[in-house]
Ligand SMILES: *Cc1c(COP(=O)(O)O)cnc(C)c1O
């Protein structure tokens, strides 16, 4: 590894007195900070020449794998290509140089774009209004649930403290409900992978008057369209609960159908998934929340409103709002750029192409990988490990072996409905050649599992770090560099 030559930490490369930068000559005289505001000693900063710094960070960056390196079929995460024009726009000094508290007369252009995205999302979702405040999908869920709670409180219905969540849901759904102080009622899935309407019926008979909302993901985390939504929506509304749409999987729905038309009251969208802004390793994200007509007063302030041909930041009119700030402006700019670049017509191609790619991979591989739920999927699908269970090769082994061939692994062991889950989402971006390459490698690994299982079991062989001990890593995590050095001595 290059890191051996160039060091793991920039601090290890430091030499006292070495400089890569000199400050310009001071033309303004000296200013002394007040006593008590200065350091007693110099800060312990690394001292390096410029070339050392450049090599150090370049080598570290090459240990990373992103969509710009190769195929990244991480199910549920929609690892979509972030077009370069998004970066050009977001980095433009007209936007990157703004301050969030600048006088509104000086930021009319930025407000116009902000307003434009609020409106575009409302139109794509079939809802009334959107807030762009939340910083992630999970943050959007929390915001949405707080909106729902504020709605019930306004109607003197504060005893509604339960949220129905399907057992196939993303872990953030029950977590957001818990953070919001609500209790989770789990509803089962049928063996077709869809919400079990009979189970829901029984749940509502018992708990209906305590239900604040039902959260649904559509298509769900198995990549399946929830075909009973009209019936489910009627049942929940009849009990006085609201319908929440987890829109993290909106990609295959773009231009095909809209949550508002399906009867949902509140939803979030992951701009960093469906609308191409880059994400990974925990950020950056943006999870705008939309509401149907009648719920606008609960949206958090500030919001951007249009009056005549001028834009204003509205902090006051939402008297029932739950409060936040502008959100992740650079991510918002990228998403809006993406929407405008595609335009009304082309954006309708996103869903069908993502769906086509996923179904193609599924059909090409289902003779060697176990497909627990057959039939048409949307933008992603789940295999339950290798079909031939006699090899002893697990989903973990297959995922590790994929790294050797230069692919990012799919999402594994999620959703929890299958023991050897392997969740594949190609997105609409990939060429047929890339997808065929991935298919042939997964077939090759299935062959290796039969003929040379040890190679697969001990993978990865070509990465900077081989197979880590998951259990040890979970039980005794090494969270500081000092600890790592001490442990290796
Ligand atoms: C990604 C995802 C979320 C959470 O979004 P974050 O931005 O990661 O917080 C919620 N639900 C589903 C179905 C998801 O795929």
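The values are calculated or read from the model by the stated rules, or taken from the named source; none is laboratory data. Just so you know, these numbers come straight off a predicted model, no measurement behind them. Counting neighbours? That spans all protein chains shown, and the Cβs are built from the backbone with ideal geometry, glycine included.
Can you pull out every residue in segment 165-187 that is part of a strand (DSSP E or B), within 14 Å of the ligand (Cβ to nearest atom) and touching a helix residue (DSSP H, G or I) at 6+ places or on another chain (Cβ under 6 Å)?
Result: 165, single match.
Any residue at all in segment 92-99 that's modelled with pLDDT of 95 or more, part of a helix (DSSP H, G or I) and surrounded by 12 or more Cβ atoms within 10 Å (Cβ to Cβ)?
Checked against the condition, which is being modelled with pLDDT of 95 or more, part of a helix (DSSP H, G or I) and surrounded by 12 or more Cβ atoms within 10 Å (Cβ to Cβ), segment 92-99 yields no hits at all.
Determine which member of the set 337, 341, 277 is closer than 24 Å to residue 69 by Cβ, surrounded by 18 or more Cβ atoms within 10 Å (Cβ to Cβ) and more than 16 Å from the ligand (Cβ to nearest atom).
337
Give segment 244-265 a look and list any residue that's within 16 Å of the ligand (Cβ to nearest atom), under 16 Å from residue 294 (Cα atoms) and assigned to a loop (DSSP other than H, G, I, E, B), or say none.
264
Return a yes/no flag: does segment 150-158 have any residue that is more than 26 Å from residue 304 (Cβ to Cβ), within 16 Å of the ligand (Cβ to nearest atom) and not in a loop (DSSP other than H, G, I, E, B).
No, because not a single residue in segment 150-158 is more than 26 Å from residue 304 (Cβ to Cβ), within 16 Å of the ligand (Cβ to nearest atom) and not in a loop (DSSP other than H, G, I, E, B).
With the condition being exposed (fewer than 13 other Cβ atoms within 10 Å of the Cβ), I'd like the helices (runs of 4 or more DSSP H) fully within segment 419-489 carrying at least 2 qualifying residues.
It comes to 432-451, 470-475, 481-487.
Here is a check on your reading of the model: is residue 201 surrounded by fewer than 21 Cβ atoms within 10 Å (Cβ to Cβ), away from the ligand (no atom under 16 Å from the Cβ) and either closer than 29 Å to residue 351 by Cβ or without any contact (Cβ under 8 Å) to a residue 24 or more places away in the chain (or both)?
no
Count, please, the residues in segment 222-243 that happen to be touching a residue at least 40 places away in the same chain (Cβ under 8 Å) and not in a loop (DSSP other than H, G, I, E, B).
Number satisfying all stated conditions: 2.
Pairs, please: C-beta under 6 Å, at least 6 apart or cross-chain, first residue closer than 17 Å to residue 275 by Cα and in segment 132-154, second within 16 Å of the ligand (Cβ to nearest atom) and in a helix (DSSP H, G or I)?
Partner pairs satisfying both residue conditions: 132/332; 134/140; 134/143; 138/172; 138/176.
May I ask you to verify whether residue 368 is surrounded by fewer than 23 Cβ atoms within 10 Å (Cβ to Cβ) and at pLDDT 95 or above?
Spelling it out, residue 368 is indeed surrounded by fewer than 23 Cβ atoms within 10 Å (Cβ to Cβ) and at pLDDT 95 or above.
Restricting attention to segment 101-120, which residues are in contact (Cβ under 8 Å) with a residue 40 or more places away in the chain and more than 12 Å from residue 332 (Cβ to Cβ)?
Within segment 101-120, 104, 108, 112 qualify.
Looking at 128, 123, which is the one that is more than 16 Å from the ligand (Cβ to nearest atom) and without any contact (Cβ under 8 Å) to a residue 24 or more places away in the chain?
On inspection, the qualifying residue turns out to be 123.
Go through segment 65-113 and give me each residue that's within 16 Å of the ligand (Cβ to nearest atom) and under 19 Å from residue 338 (Cα atoms).
Across segment 65-113, the qualifying residues are 67, 77, 78, 79, 80, 82.
Quick check on segment 400-411. Is at least one of its residues in contact with a helix residue (DSSP H, G or I) (Cβ under 6 Å, 6 or more places away or on another chain), part of a helix (DSSP H, G or I) and closer than 25 Å to residue 80 by Cα?
The answer is yes; a qualifying residue exists.
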